[in-house]
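A short write-up of the structure that comes next.
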Amino acid sequence: MGFHVREVWNHNLAEEISAMEDSLRHYPIVSIDSEFPGCLRPTPRHAGEEVRFADMKFNVDSTDLIQLGVTLSDEKGTVAGIWQFNLEFDLDRDLHAKESILFLKSHGVDFEKLRSHGIERIRFGAAFGGLIRRRSRPLTWVTFHGLYDLAYVVKVVGRRPIPDTAAEFGNVMGKGFDAVVDVKYVARYLEGGAAVAGGEVGLQRLADELGVKRRGEAHTAGSDSLLTALVYSKLKKKVKHVVGLDSYVDFVYGISGRISRQSVAVGTTPPMVIPFGNCRLPVYRIAVPVPVPVPVVYRSCRPQFPIHYQHRRNVPPRLSAGMGYLAAV
């Protein structure tokens with residue numbers, strides 16, 4: 001099967017959002033990957049969860065998303081399409097880690113085109129949030145080591161800083177995303193290989209272990225989102241005889257607790273409606289048992305490189321106070 005990454009810029013955003021909305025009706029698995037300008041505050045490898053989360057919040061609040069890759073697929077692993085959203089980014093204005101930019105340039109990211117043709121962030125947040133709001137069925141959001149990926153989606157759609165604690169952030173995700181799967185978390189259940197390492201593997205190594213071939217350039221959001229989707233499809237078949245979905249759905253690698261959801265059976269109450277940027281988003285409440293979390297070894301965010309400041313202070317940007325998170329707080 002051939003795979004084509006659909007490049008999305010400011011001029012064709014509306015057209016591609018419409019195409020994605022058509023696909024979501026039959027392909028409810030949304031695999032995402034983000035490219036961002038590095039970590040302004042690198043996290044020590046053995047830092048505690050509170051420090052790791054605080055560093056993530058600082059980094060995401062202080063910087064802006066560069067690319068968001070989205071691959072839509074179904075339960076059988078059939079891929080409907082791959083989109084790479086290229087957001088506006090100006091190296092003369094936006095905070096970044098210099099070596100991270102060099103790294104992304106070496107993998108084909110065109111920063112000159114991002115500056116001149118990138119999608120306006122407010123416009124993208126409204127369009128992507130509206131797409132989620134209008135969904136006709138619950139969606140499963142799939143990531144790999146996805147704490148930063150999910151946080152950037154929360155930020156760009158909600159247009160407010162990340163909540164102050166991991167628990168509060170978990171509440172936001174529980175209200176904004178129907179179900180979340182972090183493939184790095186699931187990898188711990190793979191017999192041998194990744195399981196021996198406690199799930200402490202990279203996406204490419206896990207793909208190689210499962211015999212999944214990459215399509216496109218590594219470290220570009222579209223290609224990485226596709227690889228995440230293909231790896232998840234293969235991995236869930238490998239682990240289904242070991243654990244059920246309840247053992248890994250709604251766990252994000254890097255947060256020890258489970259994403260908080262109301263324990264109300266589907267169909268017993270109408271969907272709760274919550275603010276999602278300028279939109280309103282229905283959330284379906286799902287009752288699931290909570291297993292004992294498996295201890296994990298954490299890595300800091302990637303990539304970790306020196307900070308490069310250009311015409312901005314080392315402070316989080318001032319954001320609109322009235323826009324709301326993914327969820328009501």
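Laid out as a table, the results:
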| item | result |
| --- | --- |
| Residue match in segment 19-38 (condition: among the charged types (D, E, K, R) and in a loop (DSSP other than H, G, I, E, B)) | yes |
| So Phe124, is it touching a helix residue (DSSP H, G or I) at 6+ places or on another chain (Cβ under 8 Å) and farther than 16 Å from Arg159 by Cα | no |
| Residue that is farthest from Asn59 (Cα to Cα), among those in segment 86-95 that are of a type outside the set (Phe, Trp, Tyr) and open to solvent by less than 10 Å² (accessible area, probe 1.4 Å) | Asn86 |
| Residue in segment 186-200 that is open to solvent by less than 10 Å² (accessible area, probe 1.4 Å) and of a type outside the set (Gly, Ala, Ser) present | yes |
| Residues of segment 110-121 that turn out to be touching a helix residue (DSSP H, G or I) at 6+ places or on another chain (Cβ under 8 Å) and in contact (Cβ under 8 Å) with a residue 24 or more places away in the chain, as a count | 5 |
| All positions within segment 230-255 that are part of a loop (DSSP other than H, G, I, E, B), open to solvent by 30 Å² or more (accessible area, probe 1.4 Å) and modelled with pLDDT under 85 | His241, Val242, Gly244 |
| Hits in segment 31-68 - residues which are out of contact with any Phe, Trp or Tyr (no Cβ under 9 Å at 6 or more places or on another chain) and either modelled with pLDDT of 95 or more or crowded, with 20+ Cβ neighbours inside 10 Å (or both) | Glu35, Ala54, Asp55, Phe58, Asp61, Ser62 |
| Ala218 being open to solvent by 10 Å² or more (accessible area, probe 1.4 Å) and under 13 Å from Phe251 (Cβ atoms) | no |
| For Trp83: the one exception among (1) open to solvent by 40 Å² or more (accessible area, probe 1.4 Å); (2) modelled with pLDDT of 95 or more | (1) |
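The values are calculated or read from the model by the stated rules, or taken from the named source; none is laboratory data. Remember, predicted model here, so these are calculated numbers, not experimental data. Counting neighbours? That spans all protein chains shown, and the Cβs are built from the backbone with ideal geometry, glycine included. Only protein heavy atoms, including side chains, enter the accessible area calculation; ligands, DNA and RNA are left aside. Shrake-Rupley method; radii C 1.70, N 1.55, O 1.52, S 1.80 Å.
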